[in-house]
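The values are calculated or read from the model by the stated rules, or taken from the named source; none is laboratory data. Please read these numbers as outputs of a predicted model, since none were measured by experiment. Reconstructed Cβ throughout: ideal geometry from the backbone, glycine too, with neighbour counts over all protein chains shown. Just the protein is used for accessible areas: all its heavy atoms, side chains included, with ligands, DNA and RNA removed. Shrake-Rupley method; radii C 1.70, N 1.55, O 1.52, S 1.80 Å.
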Amino acid sequence: MKYRYLPQTDQDKRDMLETLGISSIEELFADIPEEVRSKGPIQIPAALSEPELVKYFTGLSNKNVNFSTHINFLGAGVYQHYIPSTVNHMLLRGEFFTAYTPYQPEISQGELQAIFEYQTMVCELTGMEVANSSMYDGATSLAEAAMMASGHTGKKKVIVSRAVHPESRAVLKSYAHGQGVELVEVGVDSQGVTDVSALEALIDDKTAAVIVQYPNFFGNVEDLAACEPIVHGNGSLLIVSSNPLSLGVLEAPGKLGADIVAGDMQPFGIPASFGGPHCGYFATTTKLMRKMPGRIVGQTKDENGKRGFVLTLQAREQHIRREKATSNICSNQALLALAASITLTALGKQGVQEMAMINLQKAHYAKQALQAKGFDVAYNGPSFNEFVVKLSKPVAEVNRELLKAGIIGGYDLVLDYPELANHMLLAVTELRTKEEIDTLVQELEAITRA
């Protein structure tokens, strides 16, 4: 039981030494000077048997705070949602789990159809005309959208709302620097949404695109209808980053004039997994389709007229001249796109709407419960499943106390917004019960009023 796997037997060792023409392992290292060789046994703990090793690491694992041990109210871009049991049942099938890029359609029809269905569902959610086969994550997908807009318009200025996720803005900054694109941030107003007046003042004939998040990082719903005429009136593109689950209750960005919609499919069938891997989505108009990064799976017919699927468009450097490539994103998250597709299929149109509505209702219940106890909710406009609450103590201090009570608290906004000291971003999904929300309110009251 002490050694589960034997790299080589004693006979294997003797055979290798004989092949090398030496009599011992010491002779094998004869060229290494004696004075630099390690003396004595290595100072590491003794080997454990397999049961001992499992017990040891299980003990370490049990020290972790996770969604099984604590009630979770942390979101900020990565959310705890219901994942149908069918997801892993399908996802872990060998033909999907080990699949590589489906270059050969004659042996990849299942994978290609799964991606095709994913693209279709992304288009239905976003209200756009075409979607690619997925990207690495929401942040890089958004950055790719900005670079695509700059390339399409020939302009080198991009305006991004300060209410866009801070990590997405950081990735965007890295992309912009390499492409020589000027990045300009537009602030938020007193209701925690993009300041439309400030946007009007900043936009000019050098602006390739304007980026807003819907709902934004604070959970507030941006007024895309107010932004659209300002952006398009200037000849710029409107890029929208969106939580796809929220589109079960919010009007699709494509219906409100968006030119590109990007985001992360993590809310659909993809666990938090300590922050990744996730699956970015990218959707746009037919007009911009050939500028889109990544690849598109299309429907076709074989020589017998039978329906089939192929990689239709691949505007990337591996397939075309490098100077004409629109992106260096050379792959996609096919397995996680499949997880999202299975989830969306299992839920169906009505299920997605119900799930989104439950998120909306539970978050608003939490907001009202906190307000009833005298807490100051920072913004009073429409929001989805996140909102900002102002506390009387530093959020880091409050979160430490909440952990002791078995609760994972919200995001500390001072980490990215110095002006929002003592402000916590709380996420409430369909998995939170009324009793759990009430417990959060009680603990927050006890901690902050102590």
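If you take the residues in region 204-226 that are touching a Gly at 6+ places or on another chain (Cβ under 9 Å) and among the aliphatic types (A, V, I, L, M), which one is nearest to VAL164 (Cα to Cα)?
VAL221
Could you tell me whether region 351-360 includes any residue that is open to solvent by 40 Å² or more (accessible area, probe 1.4 Å) and either more than 24 Å from the chain's Cα centre (by Cα) or in the same structural domain as LEU112 (by the TED database) (or both)?
Taking every residue of region 351-360 in turn, none turns out to be open to solvent by 40 Å² or more (accessible area, probe 1.4 Å) and either more than 24 Å from the chain's Cα centre (by Cα) or in the same structural domain as LEU112 (by the TED database) (or both).
Return the pairs, sorted by first residue and then second, in which the second residue is of a type in the set (D, E, K, R) and open to solvent by less than 70 Å² (accessible area, probe 1.4 Å), the first residue lies in region 65-78 and is at negative phi and part of a loop (DSSP other than H, G, I, E, B), the beta carbons are less than 8 Å apart, and the residues are 6+ apart or on different chains.
These pairs meet every condition: PHE73/ARG432; GLY75/GLU386.
What are the residues in region 132-147 that are over 14 Å from the mean Cα position of the chain (by Cα) and either part of a helix (DSSP H, G or I) or farther than 19 Å from ILE270 by Cα (or both), if any?
Passing the criteria: GLU144, ALA145, ALA146, MET147.
Just to confirm my filter: which strands (runs of 3 or more DSSP E) fall fully inside region 275-381 and include at least 3 residues that are at pLDDT below 95?
Those strands (runs of 3 or more DSSP E) span 295-301, 307-314.
Taking the stated definitions as given, is VAL388 open to solvent by less than 40 Å² (accessible area, probe 1.4 Å) and not in a helix (DSSP H, G or I)?
Yes; evaluated as a whole, the condition is true for this residue.
Within region 96-107, work out how many residues are open to solvent by 60 Å² or more (accessible area, probe 1.4 Å) and touching a helix residue (DSSP H, G or I) at 6+ places or on another chain (Cβ under 6 Å).
Adding up the residues that qualify gives 0.
How many residues are in contact with a helix residue (DSSP H, G or I) (Cβ under 6 Å, 6 or more places away or on another chain) and farther than 11 Å from THR207 by Cα when one looks only at region 147-159?
Final tally of qualifying residues: 3.
Would you tally the residues in region 407-419 being open to solvent by less than 20 Å² (accessible area, probe 1.4 Å) and more than 17 Å from ARG449 (Cα to Cα)?
Total meeting the criteria: 4.
Assess whether VAL395 counts as being modelled with pLDDT of 95 or more and crowded, with 21+ Cβ neighbours inside 10 Å.
Yes: the conditions hold for VAL395.
Confirm whether GLU182 is open to solvent by 20 Å² or more (accessible area, probe 1.4 Å), more than 15 Å from LEU237 (Cα to Cα) and in contact (Cβ under 8 Å) with a residue 12 or more places away in the chain.
Here the answer is yes, as GLU182 does meet what is asked.
If a residue must be open to solvent by less than 30 Å² (accessible area, probe 1.4 Å) and either hydrophobic (A, V, I, L, M, F, W, C) or without any contact (Cβ under 8 Å) to a residue 24 or more places away in the chain (or both), how many such residues does region 231-267 contain?
13
Return only the number of the condition from (1) modelled with pLDDT of 95 or more; (2) surrounded by fewer than 20 Cβ atoms within 10 Å (Cβ to Cβ); (3) among the small types (Gly, Ala, Ser) that GLY151 does not satisfy.
Unmet condition: (1).
Restricted to region 79-121, and to residues that are among the β-branched types (Val, Ile, Thr) and not in a loop (DSSP other than H, G, I, E, B), which residue is farthest from the chain's Cα centre (by Cα)?
That would be ILE107.
Determine whether THR58 is modelled with pLDDT of 90 or more and not assigned by the TED database to the domain that holds ASN359.
Yes: the conditions hold for THR58.
Restricting to region 415-450, give me the number of residues that are in contact with a helix residue (DSSP H, G or I) (Cβ under 7 Å, 6 or more places away or on another chain) and outside any helix (DSSP H, G or I).
Counting residues in region 415-450 that are in contact with a helix residue (DSSP H, G or I) (Cβ under 7 Å, 6 or more places away or on another chain) and outside any helix (DSSP H, G or I) gives 11.
Scan region 215-230 residue by residue and report those that are more than 21 Å from THR140 (Cα to Cα), surrounded by fewer than 24 Cβ atoms within 10 Å (Cβ to Cβ) and either in contact (Cβ under 8 Å) with a residue 40 or more places away in the chain or touching a Ser or Thr at 6+ places or on another chain (Cβ under 7 Å) (or both).
Hit for region 215-230 is VAL221, nothing else.
Filter region 417-436 down to the residues that are within 19 Å of PHE218 (Cβ to Cβ) and of a type in the set (Val, Ile, Thr) and list them by number.
VAL428, THR429
Have a look at LYS173, LYS156 and point out the one that is open to solvent by 10 Å² or more (accessible area, probe 1.4 Å), basic (Lys, Arg) and farther than 18 Å from ALA262 by Cα.
LYS156
Contact list please: Cβ distance under 8 Å, first residue in region 10-23 and without any contact (Cβ under 8 Å) to a residue 24 or more places away in the chain, second residue in a loop (DSSP other than H, G, I, E, B), pairs at least six apart or on different chains.
Final answer for the pair search is MET16/GLN8; LEU17/SER23; LEU17/SER24.
Of all residues in region 82-122, which are of a type in the set (Val, Ile, Thr) and modelled with pLDDT of 90 or more?
ILE83, THR86, VAL87, ILE115, THR120, VAL122
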